[in-house]
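To start, the structure itself, in structure tokens.
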Number of protein chains: 2
Amino acid sequence: MEKKEGVIPNATAKRIPLYYRYLKMLEESGVGRIKSKEFSKLIQVPSATIRRDFSHFGELGRSGYGYDVGYLLEVFGDILNTKVEKRIALVGVGNLGRALAQYNFKKNENLNIVSAFDNNETVIGTTINDVKIQSMDKLEHVIKKEAITTAILTVPSVNSQEVVDKVVNAGVTAILNFAPGRIKVPDYVKVQYIDLTTELQTLIYLDENFTNAKHIMVDK
Amino acid sequence: MEKKEGVIPNATAKRIPLYYRYLKMLEESGVGRIKSKEFSKLIQVPSATIRRDFSHFGELGRSGYGYDVGYLLEVFGDILNTKVEKRIALVGVGNLGRALAQYNFKKNENLNIVSAFDNNETVIGTTINDVKIQSMDKLEHVIKKEAITTAILTVPSVNSQEVVDKVVNAGVTAILNFAPGRIKVPDYVKVQYIDLTTELQTLIYLDENFTNAKHIMVDK
């Protein structure tokens, strides 16, 4: 199958992360192909929109067969995977921060945590995975100097806003935030929240209420 | 406002995690109220469905005002928040596992990691936060004995399936999986995936392509 090159409409491009996420879930569940109508039900986007969007990538789907999940994942993965090295600052080197620094997205050579910051004197000056942990005082200077635009925040909620203001002020436009609770950013800054507690609660809720299909049927 | 007690239709109940997630995002962005039409656009669920769902919780919305985000979060949060203590097994005590054990969802007294497992001899027998790390050989016995039904997996992808089979065999029905890649489970087992790399890629993609609204407008 030939991959089309060309301009993708903005509205389509914005849906790529959504498509990618759900296609990945499907693949993880062992689903190899999907029809636009089924996919529409799953992600709540009209099937005509899905078909139009997918056609931009040379994937037209076959009647009665549907779309190839693996192919679409490859195409969208290529689009999502940043082509240039992305230099990332990590703010907060507690347990979670330390775990992320060790992990350092090693499977993606273009994603690199290149600097880390904390205000804990006992970790400042130490190194994880060749990344030196520096004092919070240095944060703005280093981010500016290194022209870093992406930051991962693993600081306590109570410090979130203060740290956000600092990184944004230094030029960061993309923030991955692990602290629960709201942060304020200017319109041009993108924030992605990862809330581990909510993920776990959702899982347990679904498990407690929808696992045992037999019970639900009997009740009815 | 009075909270209704009563039976919630299954279809509605299944949408609660989705509603909660997006309402939380809205709150995090400083949005205090939202109209069903706007919310519909955001989450791609028909606004009539949203209004019907919300009415089950005594939240009828006011014309021209919309729904109160804080109130709905409170109601849905109560529903999602498990009322009984949930005893959780953690499998894989590398950096991420260690971070999760330290964190241990302390703000939610009902969510408790009570046992941890690893095959690394140097950590077996040690303790994090009063949780003793035990050998993988003990996993099935302990999970059965303690009647644990929820597991968090932070094992390398290559070991995922083997570990999944073990925990499912021991009685686990809810899995929070941090390992990228597909795992196979019986139909009655719920899996929630947290893929940190995809989250970061999505963030950077959106930042690179949609941050600078001015550029997009000029191009057009």
inquiry  = Per residue of region A:119-134, what does 6.51 cos²θ - 1.76 cosθ + 1.60 with θ = phi - 60° give for ³J(HN,Hα)? Whole Hz please, x for Gly and Pro, Karplus curve as stated.
reply    = 9, 8, 4, 6, 9, 4, x, 7, 10, 10, 6, 6, 9, 7, 8, 10
query = What's the FRET efficiency of residue B:47 with residue B:84 using the Cβ-Cβ distance as r and R₀ = 30 Å, to the nearest 0.05?
reply = 0.30
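Can you give the charge dipole size of chain B about its Cα centre, rounded to the nearest 20 debye, using +1 on the beta carbon of Lys and Arg and -1 on the beta carbon of Asp and Glu? Please list the in-between numbers first.
Values: 29 positive and 26 negative charges, 136 e Å.
With Lys and Arg at +1 and Asp and Glu at -1, about 660 debye.
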Computed E for residue B:106/residue A:184 - FRET, C-beta separation, R0 25 angstrom, nearest 0.05 = 0.50
task = Consider all pairwise Cα distances in chain A and report the whole-number % of them above 22 Å.
result = 62
ask   = Taking chymotrypsin sites (Phe, Trp or Tyr not before Pro) that fall in a DSSP loop and have at most 13 other Cβ atoms within 10 Å as cut points, what is the longest piece of chain A between them?
value = A:66-187
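Looking at this model, which pairs from B:14/B:107; A:184/B:132; A:166/B:24 are more than 28 angstrom apart at the alpha-carbon?
A:184/B:132
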key: Inter-site label distance for residue B:7 and residue A:38 at 7 Å from Cα along Cβ, in nm   = 3.1
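May I ask for the percentage of alpha-carbon pairs in region B:15-99 that lie more than 17 Å from each other? Before the final figure, lay out the partial values.
Details: 1890 of 3570 pairs.
Cα-Cα pairs of region B:15-99 separated by over 17 Å account for 53 percent.
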request  = Run the numbers on region B:58-113 and let me know its relative contact order in percent, using alpha-carbon pairs under 8 Å that are six or more apart.
outcome  = 31
message = 5 Å is the cut-off here: which amide hydrogens, built 1.01 Å from N in the peptide plane, fall below it relative to residue B:33, excluding neighbours closer than 5 in sequence?
response = B:69
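To the nearest 500 deg cm²/dmol, what mean residue ellipticity at 222 nm is calculated for the protein assembly as shown from DSSP H runs of n ≥ 4 alone, each contributing -39,500 (n - 2.57), summed and divided by the residues? Intermediate results must be reported in sequence, preceding the final value.
On the way: 18 runs with 201 residues, N = 440.
Calculated mean residue ellipticity at 222 nm is -14000 deg cm²/dmol.
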message = Can you give the FRET efficiency to the nearest 0.05 for residue A:147 and residue B:18, using r as the Cβ-Cβ distance and R₀ = 30 Å?
response = 0.20
key: Within region A:86-197: Cβ-based charge dipole about Cα centre, in debye rounded to nearest 20 (Lys, Arg +1; Asp, Glu -1)   = 280
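Explain nothing, just the number: relative contact order of region A:1-152, from Cα pairs under 8 Å at least 6 residues apart, as a whole percent.
19
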query = Quick one: Cα convex hull volume of region A:86-197, Å³ per residue?
reply = 101
inquiry  = What's the magnitude of the charge dipole for the protein assembly as shown around its Cα centre, counting Lys and Arg as +1 and Asp and Glu as -1 at the beta-carbon? Answer in Debye, nearest 20.
reply    = 1220
key: For region B:14-28, 3J(HN,Hα) per residue [Karplus equation, 6.51 cos²θ - 1.76 cosθ + 1.60, θ = phi - 60°, Hz, x = Gly/Pro]   = 5, 7, 4, x, 5, 4, 4, 4, 6, 5, 5, 4, 5, 4, 5
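Compute the projected area of the convex hull of the Cα atoms of the protein assembly as shown, averaged over all viewing directions, and report it in nm² to one decimal place.
23.5
Read the figures in this text as sums done on the coordinates, not as results from a lab. Being a predicted model, the structure only gives us computed values, none of them experimental. When we count neighbours, we look across all protein chains shown, and the Cβ atoms used for this are built from the backbone with ideal geometry, even at glycine.
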